[in-house]
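Notes to accompany the following structure.
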Amino acid sequence: MIRPNTPDRVEDGRKTTTFHLRRACNGCGQHLGDVDNRDVDDRGNLTDVRGECDHCRPLVALEAAGCRTWRLTRRNLPEIDDEVDRDGIYAKGYWEYVDGKLRVTGLRIGSGETRIVAYFGDWIIRRPDGCFTVHKAPSPA
Ligand SMILES: [Zn+2]
C-alpha cells in the first residue's frame, strides 16, 4: 500500500502550521510518509517498516535469507564485537583522527586485506556462510 506524504500547510496571516505525523524508517531514520494504522501492532508497539524503505529493503531480504544483521551504534559495538569474536573472527573498534582527536568511529572485522570496516550507523551483515559484509548508512540528505 502506498503511504501518503501530506505536505505541511502554513496559512497566510496566522501563525499556524498544520502537519501530519510522519513515520521514520526504524532501520535508518529516513522519513517514509504519513503515520497510519499499519505503524502500530495490536499491543501498541511500532511495527518494522524497513520493507517500505528503499535503503533498508535489501536488509529485510537478507534477513529472510538467513542473514543476521545489526545496525552499529556506540552502544552496541561491544556486543557485536563479542559476537563476531565468538565466531572466531577478529574484531575491534576502528580508530580515526576526528577533529584532531583519536576516536572510535566504527568496528573493524577481520584482519589484513580482507578486513571490512563498518562505521556507526552502518549495518553489519553476517551471511549464513559466516562471511561479513557492510550495508552503508544512507548519506545525509
Ligand atoms: Zn530505512
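Assorted remarks:
- Once the C-beta distance of Thr73 and Ser111 is scaled by a Förster radius of 22 Å, the resulting FRET efficiency is 0.40 to the nearest 0.05.
- The length gained by stretching the chain between Thr133 and Phe19 to full extension, at 0.36 nm per residue less their Cα-Cα distance, is 37.1 nm.
- Region 1-128: proportion of alpha-carbon pairs further apart than 27 angstrom, %: 40 percent
- Label point distance in nm, Asp36-Ala65, each placed 7 Å from Cα along Cα→Cβ: 3.0 nm
- Angle of helix 77-86 to the longest C-alpha principal axis of the chain, folded into 0 to 90 degrees and rounded to 10: 40°.
- Placed amide H near Arg22: partners under 5 Å, 5+ positions off or other chain: Val35
- Between Asp12 and Arg43, the FRET efficiency from the beta-carbon distance, with R0 = 41 Å, is close to 0.45.
- Table column - 3J(HN,Hα) (Hz), region 108-113, Karplus curve with 6.51, -1.76, 1.60, x for Gly and Pro: 9, 10, x, 9, x, 6
- Per the chain, cysteines lacking a partner by the 4.7 Å Cβ criterion: Cys28, Cys67, Cys131
Values in this text are rule-based calculations from the coordinates and carry no lab data. Treat the numbers as computed from the prediction; the structure is a model and nothing was measured. For neighbour counting, all protein chains shown are included, and Cβ atoms are generated from backbone atoms with ideal geometry for every residue, glycine included.
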